[in-house]
Amino acid sequence: VFQGYAAEMDNPLMAHLISPELQNKKDILFGNMEEIYHFHNRIFLRELENYVEYPELVGRCFLDQMEDFQIYEKYCQNKPRSESLWRQFSDSVFFQECQRKLDHKLSLDSYLLKPVQRITKYQLLLKEMLKYSKNCEGAEDLQEALTSILGILKAVNDSMHQIAITGYDGNLNELGKLLMQGSFNVWTDHKKGHSKVKDLARFKPMQRHLFLHEKAVLFCKKREENGEGYEKAPSYSYKHSLNMAAVGITENVKGDAKKFEIWYNAREEVYIIQAPTPEVKATWVNEIRKVLT
């Protein structure tokens with residue numbers, strides 16, 4: 001991919017095949033794939049080779065390199081931009097010519113998907129290894145490596161949703177780490193306001209996608225997009241946010257094990273939130289508690 005596509009984008013002999021809109025877009029198309037390649041080639045592969053005789057200890061290898069695996073998050077965040085560029089130019093003569101020279105059956109987009117498939121494959125491999133490593137040395141490291149990789153996958157997934165938020169004025173990075181995101185039914189109850197509005201609010205829930213950051217919780221409305229691949233991914237239009245410094249939480253709402261309350265400014269605004277399952281509710285309540293304490 002680097003030699004047969006990326007390098008060819010800089011090859012003067014191929015320049016006449018590249019449309020002007022595609023020039024200088026190499027970074028968007030390939031993201032940080034080169035960084036991932038070098039990490040595997042120079043560091044991770046060599047580390048793995050040290051464990052050829054002791055496969056059950058390979059968990060240590062993952063744990064030592066866990067920080068480097070975060071380069072995948074950057075790659076996945078760029079993927080929607082890369083895909084939309086690819087769709088615009090997929091039938092360009094330049095790409096067809098590169099593919100022909102390489103004698104590849106598959107077009108470039110199949111290869112650009114590889115890093116995304118790779119990071120999801122690691123957790124499957126680790127799970128599989130754990131199955132056969134119950135009481136041996138290294139089992140704990142394997143378990144810890146699996147947990148860490150799942151953590152990275154969750155971060156990748158969460159950040160893919162976060163980059164789809166539209167209409168937020170500030171800088172999302174200033175809200176601290178994104179801890180959780182998910183869809184809920186929400187009822188609101190404001191002290192101020194028209195009594196009729198208040199009555200209405202009690203009955204009909206709003207569908208809201210919540211993003212819990214260290215410093216604020218964002219309420220967004222999910223919009224399904226038409227399209228393919230990542231284009232089909234929903235976008236979230238920002239509605240409002242609550243500063244975690246002024247938030248309180250009531251864990252149990254009588255009559256429903258899936259509901260909890262978030263209230264603001266000493267119950268001036270109350271949000272009744274219904275999770276899809278009691279388990280999801282429990283995870284959210286725990287995370288919110290952690291932030292508040």
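One table, with the values for the structure above:
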{"quantity": "Accessible surface of the chain, 1.4 Å probe, proportion on carbon and sulfur as whole %", "calculated": "51 percent"}
{"quantity": "The range 140-165 residues near the modelled Met66 label - backbone nitrogen below 19 Å, point 7 Å along Cα→Cβ", "calculated": "140-159"}
{"quantity": "Inter-label distance for Glu56 and Gln96, nm, one decimal - labels placed 7 Å from Cα along Cα-to-Cβ", "calculated": "5.7 nm"}
{"quantity": "Calculated FRET efficiency for the pair Val253/Asp27, C-beta based, R₀ 41 Å, to 0.05", "calculated": "0.25"}
{"quantity": "Degrees between helix 139-162 axis and first principal axis of the chain (Cα, 0 to 90, nearest 10)", "calculated": "70 degrees"}
{"quantity": "Protection proxy ranking, peptides 105-112, 256-263, average beta carbon neighbours within 10 Å, highest first", "calculated": "256-263, 105-112"}
{"quantity": "Crossing angle, helix 93-102 versus the chain [Cα axis fit, 0-90 degrees, rounded to tens]", "calculated": "60 degrees"}
{"quantity": "Relative packing of 5-15, 264-274, which averages over residues the other C-beta atoms within 10 Å, highest first", "calculated": "264-274, 5-15"}
{"quantity": "Rounded tilt (10° steps) of 278-292 against the dominant C-alpha axis of the chain", "calculated": "90 degrees"}
{"quantity": "Extension gain from Leu48 to Thr277, taking 0.36 nm per residue of separation minus the Cα-Cα distance", "calculated": "78.4 nm"}
{"quantity": "Separation in nanometres of the label points that stand 7 Å from Cα toward Cβ, at Asp103 and Gln117", "calculated": "2.1 nm"}
{"quantity": "The range 94-192: C-alpha gyration tensor shape, a/c 1.5 cut-off, then a/b vs b/c", "calculated": "oblate"}
{"quantity": "Potential lengthening between Arg87 and Asn243 on full extension [0.36 nm per residue; Cα-Cα distance subtracted]", "calculated": "52.2 nm"}
{"quantity": "Accessible solvent surface per residue of the range 1-79, calculated while the other protein chains remain in place, 1.4 angstrom probe, Å²", "calculated": "58 Å²"}
{"quantity": "Of Lys131/Lys154; Lys121/Lys281; Lys221/Lys254; Lys74/Lys154; Lys154/Lys221, those spanning more than 19 Å from alpha-carbon to alpha-carbon", "calculated": "Lys131/Lys154; Lys121/Lys281; Lys221/Lys254; Lys154/Lys221"}
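The values are calculated or read from the model by the stated rules, or taken from the named source; none is laboratory data. Computed from a prediction, not measured in an experiment: that's the story for all the values here. Note that we place each Cβ from the backbone using ideal geometry, even for glycine, and neighbour counts take in every protein chain shown. Heads up: the accessible areas ignore ligands, DNA and RNA and are worked out on the full protein's heavy atoms, side chains in. Shrake-Rupley method; radii C 1.70, N 1.55, O 1.52, S 1.80 Å.
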